[in-house]
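To start, the structure itself, in structure tokens.
Every number here is computed from the coordinates shown, using simple stated rules; none is lab data. Note that the coordinates shown come from a computational prediction; the quantities given were computed from them, not determined experimentally. All Cβ positions, glycine included, derive from the backbone under ideal geometry; neighbour counts span all protein chains shown.
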Amino acid sequence: MGRALVLSGAFLLVLIISWLFFLAVGIEPLAAYKIVGEEIFLTKYGWQDLLVKMTPLMFTGLAVALAAQMRQWNIGAEGQFHMGTFAMTWVALHFDGKLPDGMLIVLMLIMAIIGGGLWGSIPGYLKARFGVNEIITSLLLNYVAAAWIDHLLFGAWRDPGSNNFPITREFSTAAQLPNFGNTSIHAGLIIAFIFVLIVAWILWKTQLGFKIRLTGDNPDAARYAGVNIRTLTILVFAASGAIAGLAGFSEVAGIHYRLQQNISIGYGYTGIIVAWLARNHPLGVIFSAFFMSIIFVSAEVLQIEYGLPISMVYLYQGIILFTVLGTEIFTEYRLRITRFLL
Amino acid sequence: MEFFIQILIAAVVMGTPLLFATLGGVISERAGVINLGMEGLMLVGALVAFVVMLNTENYFYAVAAAALASGLVSIIHGVVCLMLRASQIASGLALTFFGTGLSGLFGDKLMGETVEPLSRIPIPGLHAIPVLGPVLFNHDVLVYFSYVCVGLSWWLLYKTRLGLNIRSMGEAPEVCDSLGLSVMAYRFFAVIAGGMLIGIGGAYFPLALTPFWVDGITGGRGWIAVALVIFAFWDPVKALGGAYLFGLALALELRLQILGIDISPYFLKMLPFVLTILVLTLVTIRNNRRGIQVMPAALGKVFFRGEKH
């Protein structure tokens with residue numbers, strides 16, 4: 001209940017700040033709201049787009065939430081996303097037509113898990129073995145991964161028939177996820193739901209999950225109970241990275257059918273907010289991913305209608321996160337206002 | 001030799017925004033407040049500096065406005081994590097989102113605009129010293145100002161009562177509180193002062209490094225600065241060395257290509273980030289081995305007044 005109130009408040013703040021911004025750039029605010037509302041909720045494409053944008057956010061939110069259950073910050077989902085797309089594209093480009101039907105896409109999925117997982121295990125290993133701050137290392141690796149993708153797209157993997165655009169050739173249909181009927185919604189959404197359930201099951205129904213949550217709540221108690229925290233840290237980071245890698249898989253195999261730049265428009269970073277809004281609960285991720293998807297699609301509508309830049313999404317995300325953080329004190333503690341400040 | 005000196009000059013230039021940001025981070029973290037919003041604050045500083053420069057063509061106004069704007073934005077960080085006691089890490093990330101969005105949104109119309117970059121002013125006498133002269137004393141005003149800031153930060157933190165109090169806030173806020181010092185006020189001061197320095201670091205990008213506007217102009221340097229604060233052991237003077245070391249890595253990125261060495265430019269782009277991870281790991285290992293605790297003891301901890309510790 002408290003959370004719903006806070007989210008509505010955050011949403012209101014976004015509307016107010018947008019109002020001011022629209023006025024500043026000479027857009028009629030009410031007209032803009034009307035267009036955005038209609039485009040998203042009253043058209044078929046709006047609903048489709050909400051579910052399409054929600055898919056990668058579910059993966060990345062789940063990835064961040066899983067690590068956060070152990071009180072570890074994985075803010076490298078963006079890079080793990082990219083390394084997932086790298087690994088799966090390698091398979092799609094090299095094994096196309098050489099595998100029996102259905103095998104190719106499965107192999108791509110596995111490779112995305114491995115690519116993202118290995119990339120995610122780097123900050124995990126450094127944290128577990130040497131105690132290196134995982135926030136900084138996981139974040140810095142995002143830039144390394146992005147440069148690696150650029151290296152491939154501007155080099156070996158560039159499609160010769162692309163007029164020098166940094167894109168690979170289009171994958172064959174065997175490397176594409178099926179869509180639902182005539183919509184743009186693809187099977188990635190189902191995979192996302194499956195992984196949400198898997199993670200929830202692991203966290204609350206298995207010993208491994210108990211160890212993860214125990215270590216998060218009280219590392220000392222976990223150590224005395226015989227939990228190998230080092231191994232667990234690496235494992236959780238690898239799993240977290242693997243899920244983020246799946247976001248890349250679902251975007252490339254479900255929408256673009258090729259590797260290109262800007263496949264992630266900040267989905268990895270948004271995963272942090274999705275997880276925070278869900279209080280790191282896998283099932284909550286479903287709802288917060290949907291909520292953040294509304295923000296993404298709104299920004300997209302504004303981009304198409306008014307030519308506003310898509311980076312607006314980041315501003316909204318900052319405002320939402322600040323609002324949620326700022327009100328947490330009111331929802332988590334019972335305050336006596338008398339000694340509140342200073 | 002000539003090439004070598006050129007690289008060192010470039011290292012100082014590339015290291016300057018890192019230096020400003022690291023100093024800002026040091027001041028804030030010495031008071032016990034982590035600022036992960038450096039990238040966002042630098043972007044705000046860069047944007048404001050560029051806009052003011054376009055309109056006034058006055059470097060002083062541009063830098064002052066950048067410092068002011070970043071200081072104002074860091075007030076949000078202060079309110080959220082000091083007054084409302086939220087997680088400093090999450091609040092810092094929100095700050096990065098906020099700054100990235102702000103600069104992207106308002107910078108969109110500025111793409112392609114250019115400003116006149118700061119010109120070099122050799123310091124009379126000093127610039128004639130071999131090697132050191134051209135490397136350190138033939139730069140623009142902001143580089144000299146960064147030297148001054150290093151000295152000022154050091155003097156402030158170690159030689160003044162204010163600095164002693166700031167450092168104490170990062171070590172034992174409950175003791176300071178019992179002595180009648182306002183933890184809130186000192187930490188706020190450090191967050192805002194730090195934010196202003198970080199903003200000046202951002203301003204250096206459009207005013208000197210890339211005198212035109214590109215989206216995400218700071219390119220992740222704010223995050224390198226976050227790591228540099230640790231690398232510099234929370235010390236303003238060591239921040240100088242750290243910033244120039246990473247400036248060197250960034251300078252190599254540009255110069256190796258000119259030399260005709262056949263490395264993919266994208267690998268060179270990775271270099272500073274990989275180096276940061278490597279150095280951070282080595283520093284952490286070293287600290288673990290020697291068992292020294294250089295990190296401010298209360299860093300990142302929420303301070304609840306009147307609670308037993």
Pairs of Cα atoms farther than 26 Å apart, chain A, %
52
Once you put a point 7 Å from the Cα of A:Met103 and another 7 Å from the Cα of A:Glu305, both along the Cβ direction, what distance in nm separates them?
5.0
Which one, B:Val115, B:Val80, B:Ala65, projects farthest toward the positive side of the charge dipole computed for region B:1-148 from Cβ point charges (K/R +1, D/E -1)?
B:Val80
Calculate how steeply helix B:236-258 sits against the longest principal axis of the alpha-carbon atoms of chain B, using the helix alpha-carbon long axis, and give the answer as 0 to 90 degrees to the nearest 10.
30
Cα centroid of region A:102-146 to Cα centroid of region A:27-100, whole Å:
17
Against the longest alpha carbon principal axis of chain B, how many degrees, from 0 to 90 and to the nearest 10, is the axis of helix B:88-107 turned?
40
Residues of A:272-279, mean number of Cβ from any other protein chain within 10 Å of their own Cβ, rounded to a whole number?
2
Cα coordinate range in region B:183-309, projected on the principal axes (Å, largest first)
63, 39, 23
Where GluC sites (Glu not before Pro) in DSSP loops with at most 15 other Cβ within 10 Å are excluded, longest remaining stretch of chain B:
B:114-306
Out of B:Phe106, B:Ile198, B:Thr218, whose Cα points farthest toward the positive end of the dipole of the protein assembly as shown (charges: +1 Lys, Arg; -1 Asp, Glu; placed on Cβ)?
B:Ile198
Only Lys, Arg (+1) and Asp, Glu (-1) charged, at Cβ; region A:1-53 dipole about Cα centre in debye
180
How much mean residue ellipticity at 222 nm does chain A get from its helices, if each DSSP H run of length 4 or more adds -39500 (n - 2.57) and you divide by all residues, to the nearest 500 deg cm²/dmol?
-24000 deg cm²/dmol
Simple SL model, points at 7 angstrom along Cα→Cβ for B:Lys109 and B:Leu164; separation in nm is 5.2
What net charge do the residues around A:Ser293 carry, taking every other residue with its C-beta under 15 Å from that of A:Ser293, with Lys and Arg at +1 and Asp and Glu at -1?
-3
What is the order of B:Phe303, B:Phe50, B:Phe4, fewest Cβ neighbours within 10 Å to most?
B:Phe4, B:Phe303, B:Phe50
Per-pair calculated FRET efficiency, R0 = 45 Å: B:Asn58 and A:Asp96 via Cβ, rounded to 0.05
0.15
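First measure r as the distance between the Cβ atoms of A:Leu197 and B:Glu174, then evaluate 1/(1 + (r/R0)^6) with R0 = 35 Å and state the FRET efficiency to the nearest 0.05. Could the numbers behind the result be given before it?
Values: r = 45 Å, r/R0 = 1.28.
Calculated value: 0.20.
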Report, please, the projected area of the protein assembly as shown averaged over directions, based on the convex hull of its C-alpha atoms, in nm².
31.5
With +1 on the Cβ of every Lys and Arg and -1 on the Cβ of every Asp and Glu, the dipole magnitude of chain A about its Cα centre, in debye rounded to the nearest 20, is 1180
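Per residue of B:227-239, what is the mean number of Cβ atoms on other protein chains within 10 angstrom of that residue's Cβ?
Details: counts 7, 0, 1, 3, 0, 0, 0, 0, 0, 0, 0, 0, 0.
If you average over the peptide's residues, the count of other-chain Cβ atoms is 1.
Can you give the FRET efficiency to the nearest 0.05 for B:Leu152 and B:Ala297, using r as the Cβ-Cβ distance and R₀ = 25 Å?
It comes to 0.50.
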With a 10 Å Cβ neighbour count serving as the proxy for reagent exposure, in which order, fewest first, do B:Val175, A:Val106, A:Val14, A:Val274 appear?
A:Val106, B:Val175, A:Val14, A:Val274
Any helix of chain A counts here only if DSSP assigns it H throughout, its Cα atoms span 27 Å or more along the axis, and its mean Kyte-Doolittle hydropathy is at least -0.5, and such helices are A:2-24, A:44-69, A:103-130, A:134-153, A:229-251, A:282-306, A:312-332
PRE zone check, label point 7 Å out along Cα-to-Cβ of B:Phe3, amide N under 12 Å, scope region B:251-265, hits B:255-262
Residue (of B:Gly15, B:Ala232, A:Ile265) at the positive-pole extreme of the protein assembly as shown, dipole from beta-carbon charges
B:Ala232
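Would you mind working out the magnitude of the charge dipole of the protein assembly as shown relative to its Cα centre, with +1 at each Lys and Arg C-beta and -1 at each Asp and Glu C-beta, to the nearest 20 Debye? Each step should come with its number before you reach the end.
Details: 38 positive and 34 negative charges, 451 e Å.
The dipole of the protein assembly as shown has a size of about 2160 debye.
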What ranking of A:Ile149, A:Ile40 emerges when the number of other C-beta atoms within 10 Å of each C-beta is taken as an exposure proxy, fewest first?
A:Ile40, A:Ile149
On a full-extension model of 0.36 nm per residue, what is the gain between B:Val131 and B:Leu181, subtracting their alpha-carbon distance, rounded to one decimal in nm?
13.2 nm
How many nm is it between the label spots at A:Glu38 and A:Leu20, if each spot is 7 Å from the Cα in line with the beta carbon?
2.9
Rounded to the nearest 10 degrees, the helix B:2-30 long axis (Cα) sits at an angle to the longest Cα principal axis of chain B of 20
Take the alpha-carbon positions of region B:14-222, form their convex hull, and give its projected area averaged over all directions (one quarter of the hull surface) in nm².
12.1
In whole angstrom, the spacing between the Cα centers of region B:47-101 and region B:196-254 equals 16
